[in-house]
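Here the structure comes first, spelled out in structure tokens, and everything after it is commentary.
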Amino acid sequence: ASFLSWLSENDLAQTNLSLPLRRVIRKEKVDSELRLEFNHHDLEAIFNNDFYFHGKHRCSAHFWIPLLALFTGARLNELCQLDKADIVSIEGIWCIDINRKNDKRLKNLSSVRTIPLHSVLINKLGFIDFVRSVQGIKLFPELEKSSVGYGQSFSKWFNRTYRKNVGVGQGQERKDFHSFRHTFANYFKQMENIQEFRVSEILGHKGNSTITYSRYGKELSISSKKKLVESINYKMIKFDLFKNNLQF
């Protein structure tokens, strides 16, 4: 089924040949319940603490990657493998360019995309200043590449250590780093009049677009994506108290 889905996602089959196989194994839960998004209290616990208020993170990746995931919905390895050169200004808008350059790994063809950065990251937290301060090719040089990419050590830290230290996802709840992606998607799902294909482009999903959009339609403009991203407002997080100009 995974192989047949891959054929469809990479435009090697006209239809998704794996669809009939979905009836072979009965699911105990719907897809949206396999992992849970971070709720209001989870986000408060993850970000409103001494790690962010007093700069107690051990490295820049620990500080920035959860914030980038919060505002972009990007996958863990997509963020961990970023090069400094992947932070680009397009039409005067700062963006993350998610690409396959320099031997980066992506899930599928739809994963190649450009995501505008939220103004909180730029104006309140100084992300572009951080990017300019980085020496070398990799944005997070402290993350070493493994057989599964650059995200392995970060995943272990966030899911086994940090998440438990701040008391998020205890018990039987399915909450881990990937929940940021669900949080991002759910934010727009709860809003009225947001077309699914707009969010799918930012998330790097092929989505359920009609052939008119998927084959003939062009990618959304950067300004349209920026407007969508800027609509995000996490009022429960005290970004103004975060320590800026961190020295790692």
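Candidates in the stretch 147-159 are the residues that are open to solvent by 30 Å² or more (accessible area, probe 1.4 Å) and either more than 19 Å from the chain's Cα centre (by Cα) or among the hydrophobic types (A, V, I, L, M, F, W, C) (or both); of these, the one that is modelled with the highest pLDDT is Trp157. Pairs meeting the criteria (first residue in the stretch 218-237 and touching a residue at least 60 places away in the same chain (Cβ under 8 Å) and over 11 Å from Ile202 (Cα atoms), second residue open to solvent by 20 Å² or more (accessible area, probe 1.4 Å) and in a loop (DSSP other than H, G, I, E, B), beta carbons under 8 Å, at least 6 apart or on different chains) are Ser223/Glu91; Met236/Asn48; Ile237/Asn48.
Okay, residues lined up against (1) in contact with a helix residue (DSSP H, G or I) (Cβ under 9 Å, 6 or more places away or on another chain); (2) modelled with pLDDT of 90 or more; (3) closer than 27 Å to Asn123 by Cα:
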{"residue": "Val168", "(1), (2), (3)": "yes, yes, no"}
{"residue": "Arg174", "(1), (2), (3)": "yes, no, no"}
{"residue": "Thr183", "(1), (2), (3)": "yes, yes, yes"}
{"residue": "Phe197", "(1), (2), (3)": "yes, no, no"}
{"residue": "Gly217", "(1), (2), (3)": "yes, no, no"}
{"residue": "Ser223", "(1), (2), (3)": "no, yes, yes"}
{"residue": "Val229", "(1), (2), (3)": "yes, yes, yes"}
{"residue": "Ile232", "(1), (2), (3)": "yes, yes, yes"}
{"residue": "Ile237", "(1), (2), (3)": "yes, yes, yes"}
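Given the options Asp103, Asp50, name the one that is closer than 30 Å to Ser8 by Cα and of a type outside the set (A, V, I, L, M).
Numbers: Asp50 fails: closer than 30 Å to Ser8 by Cα.
When all the criteria are applied, what remains is Asp103.
Number of residues in the stretch 118-140 that are exposed (fewer than 15 other Cβ atoms within 10 Å of the Cβ), farther than 18 Å from Ala69 by Cα and either touching a Cys at 6+ places or on another chain (Cβ under 7 Å) or not basic (Lys, Arg) (or both): the value is 5. Considering (1) closer than 21 Å to Glu230 by Cα; (2) surrounded by 14 or more Cβ atoms within 10 Å (Cβ to Cβ), the lone condition that Arg35 does not fulfil carries the number (1).
Residues that are surrounded by fewer than 19 Cβ atoms within 10 Å (Cβ to Cβ) number at least 2 in the following helices (runs of 4 or more DSSP H) confined to the stretch 42-115: 50-53.
The values are calculated or read from the model by the stated rules, or taken from the named source; none is laboratory data. Because the structure is predicted, anything quoted here is derived from the model rather than measured. Note that we place each Cβ from the backbone using ideal geometry, even for glycine, and neighbour counts take in every protein chain shown. Note: accessible area is taken over every heavy atom of the protein model, side chains too, but ligands, DNA and RNA are not part of it. Shrake-Rupley method; radii C 1.70, N 1.55, O 1.52, S 1.80 Å.
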